[in-house]
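Beneath this line is the structure, given in structure tokens, with notes to follow.
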Amino acid sequence: ARLQTSLYAWSPGENETRLVRSETDRLAGCVPAARRLLCLQDFATQPRRLVSIDPLTGSLEVLYDPNPEWLAVQLPRIEMLEYTDGEGNQSFGQLVYPIGYRRGRSYPLVIVQYRARGFLNAGTGSEVPIFPLSARGYFVLSVERPEFDERATRLSVTELIRETEFDGSENRIKREVILAFVDTLRSRQLIDMSRLGITGMSDGAETAFDLVTETDLFRAIVVASPSTGPLSYALQSRRIRRFLLQEFGLNPPWDESSPTHSYWEENSAELRADRLHAALLINAPESEMLSAFALLARLEQSATPVATYIYPGAYHLKWLPSQIEASQRRSMDWINFWLRG
């Protein structure tokens, strides 16, 4: 599932490459400098830092660490979980144990999505702090979403989206992975099944909404994006609606005779609000807030606990440090309240 990053050396005119280095870290922005590579590196327990790599031997030297205080932080045990579905799609989860974990006790679990490579900071969007939750007595599972690698070798991007999004395949493989991980932890008696929470933004929010409306496993849900639904479709530009129809064959949600109508039923939390019973926190960027109102209006008629915060000027990804910190604190408070009283 693309967990490892590998560097290969190749000389023009040669028919072979040479493996220089292969590790479970993440490298970015590599540039050549004085016969070495300068890269940004991070991995599960290490925030991003500047390193130098010898392209002949693969040896690595740290040039600059902007977070030296991190060395003094007590880190929890981390376990790798792996899963391959029946089609061969791979996924993994980084299971972060509670600080002070004691064998024989069960703990609440928080699931963070949807990429798990690199530093285990706070999930995609940086809104659910993983190590601080561990320090407060939670198991935290950071999940890497599966991809249709086998189908991608024989289908174009457009064909792949048509084939997997509109028949529910994408939702099914993401749901299958997370439920398999939860079942593994339940069978090992690590987690308290009455205290499960799930979080996510963007694709992760879609998966979270899918799981809380398909199962009764989760007591709390924290999302940083509204779900896809009829209102979000109506709020798109005319150009985008035409593109979705012409490129992918996605018809409007009110066209009940369309072969893609089931897509709206499966992906819209507002159409499935009667199934949503987990306590819901929405940390919504201002640019997407309108799309959330249909769901919020429906939940007014239910007993589901809901809190919504709007972040002024925020886009799909929040970019102001003050807003990211506020979202992190609210996410942790919500999880602490509903999972630990």
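The values are calculated or read from the model by the stated rules, or taken from the named source; none is laboratory data. No experiment lies behind these values; they were computed from the predicted model shown. Please note: Cβ atoms are built from the backbone with ideal geometry, for glycine as well, and neighbour counts cover all protein chains shown. Note: areas computed on protein heavy atoms with side chains; ligands, DNA, RNA excluded. Shrake-Rupley method; radii C 1.70, N 1.55, O 1.52, S 1.80 Å.
Sub-9 Å Cβ pairs linking a first residue in the range 327-341 that is under 26 Å from P312 (Cα atoms) to a second residue that is open to solvent by 20 Å² or more (accessible area, probe 1.4 Å) and in a helix (DSSP H, G or I), at least 6 apart or interchain, are Q328/P132; M332/P132, ordered by first then second residue.
Would you point out which residue out of E214, E270 is farther than 24 Å from V182 by Cα, at pLDDT 90 or above, within 22 Å of the chain's Cα centre (by Cα) and not aromatic (F, W, Y)?
Criteria check complete, one pass: E270.
Could you please let me know if I173 is surrounded by 19 or more Cβ atoms within 10 Å (Cβ to Cβ) and out of contact with any Phe, Trp or Tyr (no Cβ under 8 Å at 6 or more places or on another chain)? So I173 fails the test. Residues that are open to solvent by 20 Å² or more (accessible area, probe 1.4 Å) and part of a loop (DSSP other than H, G, I, E, B) were ranked within the range 124-141; the one that is nearest to L75 (Cα to Cα) is R136. From the list L296, L281, the one residue that fits, being farther than 22 Å from I161 by Cβ and open to solvent by 20 Å² or more (accessible area, probe 1.4 Å), is L296. When the criteria are applied in full, R21 fails the requirement of being open to solvent by less than 60 Å² (accessible area, probe 1.4 Å), part of a strand (DSSP E or B), within 24 Å of S142 (Cα to Cα) and among the basic types (K, R). Residue check: Q90 meets all listed conditions (1) open to solvent by 60 Å² or more (accessible area, probe 1.4 Å); (2) in contact with an Asp or Glu (Cβ under 8 Å, 6 or more places away or on another chain); (3) closer than 27 Å to D192 by Cβ but one, namely (3). Figure legend. Inter-residue proximity from the range 43-69: first residues under 15 Å from V31 (Cβ atoms) and open to solvent by less than 50 Å² (accessible area, probe 1.4 Å), second residues part of a loop (DSSP other than H, G, I, E, B) and of a type in the set (K, R), beta-carbon distance below 9 Å, spacing 6+ or different chains. Indicated pairs: D54/R35; P55/R35. Of the residues that make up the range 106-123, is at least one in a loop (DSSP other than H, G, I, E, B), within 10 Å of the chain's Cα centre (by Cα) and at positive phi? Yes, there is a match, as at least one residue in the range 106-123 is in a loop (DSSP other than H, G, I, E, B), within 10 Å of the chain's Cα centre (by Cα) and at positive phi. If you go through the range 142-168 and keep only what is buried (at least 16 other Cβ atoms within 10 Å of the Cβ) and in a helix (DSSP H, G or I), you end up with R151, L160, I161, R162, T164, E165.
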